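Peer 1: Quick one: structure below, then a few questions.
The values are calculated or read from the model by the stated rules, or taken from the named source; none is laboratory data. Remember, predicted model here, so these are calculated numbers, not experimental data. Cβ coordinates were reconstructed from backbone atoms using ideal geometry, including for glycine residues, and neighbour counts include every protein chain displayed. All accessible areas refer to the heavy atoms of the entire protein, side chains included, with ligands and DNA or RNA removed. Shrake-Rupley method; radii C 1.70, N 1.55, O 1.52, S 1.80 Å.
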Amino acid sequence: MTRAKIIGTGSYVPERVLSNLDLEKMVDTSDEWIKSRSGISERRIAGENQSTSDLCVEAAKKALEMANMNADDIDLLMVATVTPDFRLPSVSCVVQDKLGLINAASMDIVAACAGFIHSLSIAQAYIANSMYHRIMIIGAEELSSITNYKDRNTCVLFGDGAGAAIVTASDDDSGILSTYLKSDGRLSKLLYIPAGGVAQPYTHNGSGPTHDDYFLSMNGNEIYKHAVRSMGNAAERVIKSAGLESSDIDWLVPHQANIRIIQATAKRIGLPMEKVFINLEKYGNTSAASIPLALDEAVRSGVIKKNDNIVSAAFGGGLTWGAVLFRW
Ligand code: UT7
């Protein structure tokens, strides 16, 4: 089977930094609590006139440059996000326009923090059956727009950013070796936005949802327990189905949600923390952007080298989870 291969990465984070010390002034929290419970020191917040599509464009330009491609080479664009510019049209169409991807089809992938993993898996399937050949994947979020900065349970965790990857068919033994995706919709209310959809639409007479209903609502403890199980399980599965052992894995590039979840995942697959790429402390949880943001940093800093076997695993609202194993 033809393997899909990442040949270019790029990322972008907004300039504004929101530190734990800033958050101490906004809610009843402390730098010490946030660091010890999550591993996060600061996160980035988009500017007032910056929307998710703008973050996408900056990351995508860098990925195109690394892949040595032009905008009109791309035949499929997938944007993984839960914070599109509009409910209609898809943010991928907005990004297509801003980048001038005139030969592409465009779609949004809504799988929360596992969105980039879902997109890579879809890209693998399309490349394998030759339906699309030069695919751009972007994971991007402006979580600050759906975060309640009066809710200390959530506002200390999330940040904004974007990461992109260009995927084509591999002509050697590098590329995606295995993928695994799973979801459990029974747990959808553990992490969700109550209002804004059809279930609780906006009303003119004020009888509808309250302001707080438009923000993320999360049961952190339950999500945590599930994340530890599901990310480890997904990582184990992709290693096994590629016919590899933990000792064959050079890097785990996980979803950056919580340092303790990452440590538990590494432990489950028997990987020492020296082989785990972490940039969580700088950006917090950027949902669909977190893996491509980390991957780009690892690639550009020379941490990831040719022929390295890399596992990426993620979980998120839905609940959704999954993993991808690829050889660089
Ligand atoms: O990508 C998916 C997105 N979601 C996640 O990744 C969330 C996964 N869950 C987590 O990362 C963790 O559960 C949290 C970091 C959210 C919370 O850590 P925890 O160790 O599970 O803490 P907890 O929820 O058990 O709360 C412990 C205490 C509580 O006080 P009491 O009831 O023991 O008095 C909380 O009210 O900490 C309190 N607390 C805080 N204290 C200071 C909750 N949030 C804060 C806060 N600052 N920001």
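Peer 1: If we scan region 72-86, do we find a residue that is in contact with a Gly (Cβ under 9 Å, 6 or more places away or on another chain), assigned to a helix (DSSP H, G or I) and open to solvent by 20 Å² or more (accessible area, probe 1.4 Å)?
Peer 2: yes
Peer 1: Name the residue, out of K267, K282, K275, that is of a type in the set (K, R) and more than 20 Å from the chain's Cα centre (by Cα).
Peer 2: From the options K267, K282, K275, the qualifying one is K267.
Peer 1: Any residue in region 146-159 that is open to solvent by 40 Å² or more (accessible area, probe 1.4 Å) sitting within a Cβ distance under 8 Å of a residue that is of a type in the set (S, T, Y) and near the ligand (Cβ under 8 Å from one of its atoms)? List the pairs, counting only those 6 or more apart or interchain.
Peer 2: Matching pairs, first to second residue: R152/T29.
Peer 1: Could you please find all residues in region 243-262 being in a helix (DSSP H, G or I) and either in contact with a Gly (Cβ under 7 Å, 6 or more places away or on another chain) or within 12 Å of the ligand (Cβ to nearest atom) (or both)?
Peer 2: S246, I259, R260, I261, I262
Peer 1: Could you check, for region 250-258, whether at least one of its residues is in contact with a strand residue (DSSP E or B) (Cβ under 8 Å, 6 or more places away or on another chain) and more than 28 Å from E222 (Cα to Cα)?
Peer 2: Within region 250-258, one or more residues are in contact with a strand residue (DSSP E or B) (Cβ under 8 Å, 6 or more places away or on another chain) and more than 28 Å from E222 (Cα to Cα).
Peer 1: Taking region 214-232, which residues are of a type outside the set (G, A, S) and either buried (at least 19 other Cβ atoms within 10 Å of the Cβ) or touching a residue at least 24 places away in the same chain (Cβ under 8 Å) (or both)?
Peer 2: The answer is Y214, F215, L216, M218, N219, E222, I223, Y224, H226, V228, M231.
Peer 1: Same structure, new question: Mind checking whether some residue in region 318-327 is closer than 21 Å to V238 by Cα and of a type in the set (S, T, N, Q)?
Peer 2: Scanning region 318-327, I find at least one residue that is closer than 21 Å to V238 by Cα and of a type in the set (S, T, N, Q), so the answer is yes.
Peer 1: Report whether or not R268 is of a type in the set (K, R), open to solvent by 10 Å² or more (accessible area, probe 1.4 Å) and within 15 Å of the ligand (Cβ to nearest atom).
Peer 2: In short, no.
Peer 1: Anything in region 194-242 that is part of a loop (DSSP other than H, G, I, E, B) and touching a Pro at 6+ places or on another chain (Cβ under 6 Å)? List them, or say none.
Peer 2: Matches in region 194-242: A195, Q200.
Peer 1: Hey, another quick one. Could you list, in sequence order, all residues of region 40-71 that are open to solvent by less than 20 Å² (accessible area, probe 1.4 Å) and over 20 Å from T168 (Cα atoms)?
Peer 2: Within region 40-71, I40, R43, I45, A46, T52, S53, L55 meet the criteria.
Peer 1: Residue check: is S19 in the same structural domain as S130 (by TED's automatic domain parsing), more than 16 Å from the ligand (Cβ to nearest atom), among the polar types (S, T, N, Q) and open to solvent by less than 40 Å² (accessible area, probe 1.4 Å)?
Peer 2: Working: in the same structural domain as S130 (by TED's automatic domain parsing): yes; more than 16 Å from the ligand (Cβ to nearest atom): no; among the polar types (S, T, N, Q): yes; open to solvent by less than 40 Å² (accessible area, probe 1.4 Å): yes.
No; evaluated as a whole, the condition is false for this residue.
Peer 1: A follow-up question, please. Restricting to region 36-81, count the residues that are within 16 Å of the ligand (Cβ to nearest atom) and touching an Asp or Glu at 6+ places or on another chain (Cβ under 8 Å).
Peer 2: 7
Peer 1: Filter region 123-144 down to residues that are open to solvent by 10 Å² or more (accessible area, probe 1.4 Å) and within 16 Å of the ligand (Cβ to nearest atom) and give me whichever is farthest from L295 (Cα to Cα).
Peer 2: Taking the candidates together, the pick is S144.
Peer 1: To continue, here is another question. Return the pair list, or none, for Cβ contacts closer than 6 Å from residues in region 168-195 that are more than 19 Å from A111 (Cα to Cα) to residues that are assigned to a strand (DSSP E or B) and open to solvent by 50 Å² or more (accessible area, probe 1.4 Å), at least 6 apart or on different chains.
Peer 2: Pairs found: T168/I7.
Peer 1: Here's a follow-up. Looking at (1) open to solvent by less than 50 Å² (accessible area, probe 1.4 Å); (2) in contact with a Lys or Arg (Cβ under 7 Å, 6 or more places away or on another chain); (3) not in a strand (DSSP E or B), can you tell me which one L177 breaks?
Peer 2: (3)
Peer 1: Name the pairs whose Cβ atoms lie under 6 Å apart, with the first residue in region 300-328 and outside the structural domain of A165 (by TED's automatic domain parsing) and closer than 17 Å to N258 by Cα, the second open to solvent by less than 10 Å² (accessible area, probe 1.4 Å) and polar (S, T, N, Q), and 6 or more positions between them or separate chains?
Peer 2: F315/S230; W321/S230
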